[in-house]
Each structure stands twice: as C-alpha cells, then as structure tokens.
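Taken together, the values in this text are just the output of simple stated rules run on the coordinates, not laboratory data. Being a predicted model, the structure only gives us computed values, none of them experimental. Here Cβ is always computed from backbone atoms with ideal geometry, including for glycine, and neighbour counts include all displayed protein chains.
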Amino acid sequence: MLKRLMPPLAVLLMGLFLIAATPHQGWLESYWAKPVATGGSEPHDWSDLERDMAPEACAQCHAAQFNAWQESQHSLAYSPGLIGQFPHLGLSASNGCLKCHAPLAEQRLPDMPQLHASLAAKLKQPLGFDREYDMDAPRLPLRHAGVTCAACHVRGWQRFGPPQRDTGRTGPVAGAAHGGFTGSKKFSSSQFCASCHQFPQTYAINGKPMENTLVEWQQSRFAAEGVQCQTCHMPDRKHAFKGIHDAGMVRKGLTFKPVLKGNTASLTITSTWIGHAFPTYVTPKVTVSMLALDRQGGVLEQKAWSIERRVAYSNGWQELSDTRLLPGESRVFTFEHLPQRAASVRFSVDVVPDHFYKGVYQGLLADSQQSDAKQLIERALQQADRNDYQLYLYDEERKANEAH
Ligand code: HEC
Ligand code: HEC
Ligand code: HEC
Ligand code: HEC
Ligand code: HEC
C-alpha cells in the first residue's frame, strides 16, 4: 500500500531538488536561475511578432527549429501525466515541477483556480502545435508549450543562442529581428542541459541521484573526446531531441550479436554510442528475452533479463538493483542447456519507456480523485502503453546436426 502511494511523492521530491540546486556562481547557473525570467521592460520599437513568446511566433522565422521541436518530448512536457497530478500535489509543489517542465516565469501557476482551468483546457486541447496557427486567434496560456523556445533562448527579451552559424561570432550579434542576439559557446556544451537533466549529489540513492545524466557523461569516453549531449541529441543543431521514446535513436546507440552454437544461445549487447547509462533514468524498463522454439514455433522454454535501475520507497529511497549498461560496456546474456527439441531460438529486446510512470498512474487511479485529473491520468496511462515497442527481433534456426 505504502509503495503504491509513494511514486508520486518521488516525483514531488524532484521538484524540491531544484530549489536546492540553483543558487551557484557562473554564467550558466544564473542563466538557469528558476523560474526563468524572460520579461522586464518591453522594447517598444519591436513588432508584435518579435514580442510574442509563443513557439508559433518564433516559427514564423525559425521554421526548421519549430518543426523539429514540435515533434520532441520538450514540446509535450506540459503533459496529461504531469498536470493530472497537480490537484493532488497542490500549488507550490506543482510550480516545483514546472521548474523543468515549463520553466518560464510567465508559465508559473498563479493560483488554484488557474491550476484547475489548466486541467479543463488540457482536456479540450487539440493535439500539438501548428506553424500555420492564426496568430490573432485566442491561444492557450504559454505553460501549455512546455519546454518552449524561450525557456532555452530568451532572458529579459534578449535572444541567446550558440555562436552564429556561418561566422562563429559570439557576444552581441546584430540581426534583422528582435535586436539581434547574443552568441555563446555555452549553448554547445553538455552543462547547458544539466539544469533539468542532473540532480545534485546530495540526493544520491546508493551513490547515484535519480537523474545523473551529466555525471554519467562526465565519466564516459565521450566527455574526454568532446562529444557533447548536443552532438548526439541535436546533430547539426537540429531540435528533435530524440531519446528512449524513439526506436531508431536507441538502435543507433547499441550493437547486437546473437550466437547459437550447440546447446547454448547467447546475445551480446554493447553500448557503442550512448553518452550515459542505458537507460539513463529509473523510468524505462528494457527486457532481453530468448525463446527456445519447437518446429511448429511453440515455446519450449524461455529466459528473460531486465536492463533497468529499480528504486522503491520504504524507509527512504532504496535502490533494489541496477543492471543498466554503462557507456562502452558489453554484456553477454546466455541461455545454456537449450531443450533437445529446440529447432530455433528467438532473440528479442523490448522497451517500456514509461515503466515507472505507469506505476505512478495506476496508483493515482486506484485512489479516488477529482474527475478532470482522473481523466488526464487515464489519458497518460493510455499514451504510456502506446509508447512500448520492440527494439530487436531475430530468429535463428538450429543446425540440423545440433537439434534432435
Ligand atoms: C529536475 C527536473 C525535473 C523536475 C523538477 C520534474 N521533472 Fe518530470 N521529468 C523530467 C525529465 C527529464 C523527464 C523525462 C524522463 C524520461 O523520459 O524518463 C520527466 C518526465 C516526467 C513524466 C513523464 C513524461 C510526461 O510528461 O508525461 C511525468 C509524468 C513527470 N515527469 C512528472 C513530474 C512531476 C509531477 C513533477 C513535480 C512533482 C516533476 N515531473 C518534476 C524532469 C523533471
Ligand atoms: C521576425 C522574424 C523572427 C522572429 C519572430 C524570431 N526570430 Fe529569432 N532570429 C531572427 C533573425 C533574423 C536572427 C538572426 C540570424 C543571424 O544573423 O544569424 C535570429 C536569431 C535568433 C537566434 C540566434 C541564432 C544563433 O545563431 O545563435 C535565436 C536563438 C533566436 N533567434 C531565437 C528566437 C526565438 C526563441 C524566437 C521566439 C520567441 C524568435 N527567435 C523569433 C528572426 C526572428
Ligand atoms: C528547462 C528544462 C530542460 C532543459 C534545459 C533541457 N531539457 Fe531535455 N527534457 C526536459 C523535460 C521536462 C523532458 C521530458 C518531457 C516530457 O516527456 O514530459 C525532457 C526530455 C528530453 C529528452 C527526451 C527523452 C525521452 O524520454 O525520449 C531528451 C533526449 C532531452 N530532453 C535532451 C536534452 C538536451 C540534449 C538538452 C540540452 C541541450 C536538454 N534536454 C535540455 C527538460 C529540459
Ligand atoms: C531545451 C533547450 C532548447 C529548446 C527548447 C530550443 N532550443 Fe534552440 N537551441 C538550443 C541549443 C542548445 C542550441 C545550440 C546547439 C548546438 O550548439 O549544437 C540551439 C540552437 C538554436 C538556433 C541556432 C540554429 C543554427 O542552425 O545556427 C536557433 C535559431 C534556435 N535554436 C531556435 C529555437 C526555436 C525557434 C525553438 C522553439 C521552436 C528552440 N530553439 C527551442 C536549445 C534549445
Ligand atoms: C554518444 C551519444 C550521446 C551522448 C553524448 C548523450 N546521449 Fe543521451 N542518448 C543517446 C542515445 C542513443 C539514447 C537512447 C538510448 C537511451 O535511452 O539510453 C539517449 C537517451 C537519452 C535520454 C532518454 C532517457 C533515458 O532514460 O535514456 C535523455 C533524457 C538523454 N539521452 C539526455 C542526454 C543528456 C542530457 C546528455 C548530456 C549530458 C546526453 N544525453 C548525452 C545518445 C547520447
């Protein structure tokens, strides 16, 4: 019972972590002081379009970034699974969540009526964003845009970005809109992503915080070779931010070597192009399985292993196990003593990207809840189920002289 109620609290703690993590020295730390300030006195010589913080407004001039971003998890961060937990969390904890999910000052929830209005609006929201959106039509409040363009690029009206593409210029750069921009190399470094993808060490469970992506990267060969988060997640500065929810991305990061010899089947999985543990969070679950099949395809015997970091709450957070693959690591999964009658072996790897969250949602649905929130959580659970996929499937026949 305790366990079932605890996962939402886990996520609550994440909100609190950030409060402790922000005040530090350095350009990036002040850039990422939260909530993120875009405002200040309005530049009166700007057009309405330049003043508009909605991603659809940026899209009018930055179509390529918008098109990629709207397909990314960042655009979905103000999600049913997040806001469906808000009534249960209350206003202050909900704003704690927004530090990563919708971090702009304008995106904060001012009061409980706004919080409830947000749930109702989300239930009616047409899906996604549209570049062709009528800019004058009424729009949802900016918080619905999640981790939006301005969260990463705007401070006090000013645009910040990487060094200018063709010239490599940094510092103030003149431009045809929004008073130009300020170029900084910090945009191309892994540290830029840390504010939302790394918890402080003080919250470690068995030595490792629940989000430890930057530290995992720092300990990998990729850091030594200068391969940043952006190199893999924003190749050529593209804004797709693909990760565990994209089978193609995950396949790029791993190699598989199935072997069937005599009475033994083995699958070697190597993490070749992942700059952190596979997977980096406690939320996904990866299952490796091998099925011994008879001539008709019937299952004679099977073995399964999981690749995941499991944590649970009992008397504080405990790590139950950690079988994730570190960068560069190779692991051999072996099925010995195959049944005599086995005619072939099926090797497969399946991914449940939102495994931990499904548990959270099921726990919330089991408790009685206010109806808007309940509908959103039901929607989140359905979406989480749709996110499951098969990463790898390979059948190998046993050689005639080996099967009996
Ligand atoms: C330190 C930054 C941070 C904070 C604070 C934070 N989250 Fe998240 N959250 C993330 C990241 C990063 C992911 C993506 C992880 C993944 O894909 O497994 C995520 C994913 C999620 C998801 C699953 C994806 C989705 O949007 O449906 C839910 C639900 C969620 N968070 C809820 C919360 C709640 C509730 C809070 C506040 C109690 C919170 N988060 C606070 C960073 C944060
Ligand atoms: C009216 C057109 C227009 C609109 C609207 C607009 N921009 Fe720009 N933006 C430009 C131009 C022009 C440049 C200068 C490009 C250059 O000189 O390299 C620029 C440059 C930038 C840069 C710097 C790129 C680099 O090389 O580092 C960023 C970041 C940026 N804009 C973000 C935004 C964001 C975020 C929004 C919405 C809140 C936005 N812009 C809205 C036209 C626009
Ligand atoms: C303002 C906070 C914030 C910053 C900064 C940020 N992210 Fe995220 N990121 C999130 C949140 C929140 C999610 C989860 C969104 C969701 O699904 O609800 C996420 C999701 C992702 C995912 C998708 C994971 C998946 O489950 O498939 C990737 C990849 C990612 N971020 C990479 C990056 C990189 C690379 C950077 C730096 C260039 C970065 N992020 C900067 C908050 C942030
Ligand atoms: C999670 C943070 C994040 C979000 C959200 C985000 N960007 Fe970026 N953007 C970056 C980073 C980091 C770079 C630089 C990447 C690099 O140096 O490899 C960048 C680069 C750019 C550039 C320069 C591109 C070039 O080719 O020179 C523009 C323009 C830009 N972003 C606009 C946008 C717009 C418009 C949106 C919203 C549709 C957006 N960004 C959303 C982090 C973000
Ligand atoms: C060498 C390429 C590479 C580098 C460097 C890299 N990643 Fe990844 N990342 C991947 C691949 C491939 C995946 C998909 C497999 C997986 O989920 O681990 C991924 C997955 C993710 C996910 C999905 C969530 C999860 O549980 O795995 C997030 C979030 C993420 N990366 C963030 C980051 C951040 C932040 C950095 C920098 C500190 C970074 N990545 C550096 C290749 C890379």
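Some observations on this one:
- 3J(HN,Hα) along segment 349-360, derived from phi through the Karplus expression 6.51 cos²θ - 1.76 cosθ + 1.60 where θ = phi - 60°, amounts to 10, 10, 10, 10, x, 10, 3, 5, 5, 4, x, 4 Hz, with x in place of Gly and Pro.
- Label positions at Trp27 and Glu225, each projected 7 Å from the Cα along the C-beta direction, are separated by 2.7 nm.
- Three-way shape call for segment 187-262 based on the alpha-carbon gyration tensor, with the a/c threshold at 1.5: oblate
- Percentage relative contact order, segment 2-192, counting C-alpha pairs under 8 Å, at least six apart: 27
- Dividing the helix sum by the residues of the chain, where each DSSP H run of 4 or more adds -39500 (n - 2.57), gives a mean residue ellipticity at 222 nm of -9000 deg cm²/dmol.
- For the pair Gln390 and Leu123, the difference between a 0.36 nm per residue extended length and the Cα-Cα distance amounts to 93.1 nm.
- Rounded if a/c under 1.5, otherwise prolate or oblate - segment 106-238, Cα gyration tensor axes: oblate
- What the Cβ-Cβ distance of Glu106 and Gln340 gives, at R0 = 60 Å and to the nearest 0.05, is a FRET efficiency of 0.30.
- Sequence-separation-based contact order of segment 64-135, relative, with Cα cut under 8 Å and 6+ spacing, percent: 35
- Global geometry of the chain, whether rounded, prolate or oblate, following the gyration tensor of its Cα atoms and the 1.5 cut on a/c: prolate
- Among Ala93, Gly146, Phe66 - extreme Cα towards positive end, dipole of segment 2-192, charges at beta-carbon: Ala93
- Each of Phe241, Phe181, Gly207 was scored by the projection of its Cα onto the charge dipole of segment 93-251, and the greatest displacement toward the positive side belongs to Gly207; charges sit on the C-beta of Lys, Arg, Asp and Glu.
- Label-to-label distance, nm, for residues given as Gln382 and Asp236 (7 Å Cα→Cβ offset): 3.7
- Estimated dipole of the chain in Debye, rounded to 20 [Cβ of Lys and Arg +1, of Asp and Glu -1, Cα centre]: 820
- Computed E for His44/Thr272 - FRET, C-beta separation, R0 51 angstrom, nearest 0.05: 0.45
- Extension gain, Lys185 back to Glu319 (0.36 nm per residue minus Cα-Cα distance, nm): 44.5 nm
- Across segment 195-237, Cα pairs under 8 Å and at least six residues apart give a relative contact order of 25 percent.
- Net length gained if the chain between Arg165 and Gln114 were fully extended (0.36 nm per residue, minus Cα distance): 14.3 nm
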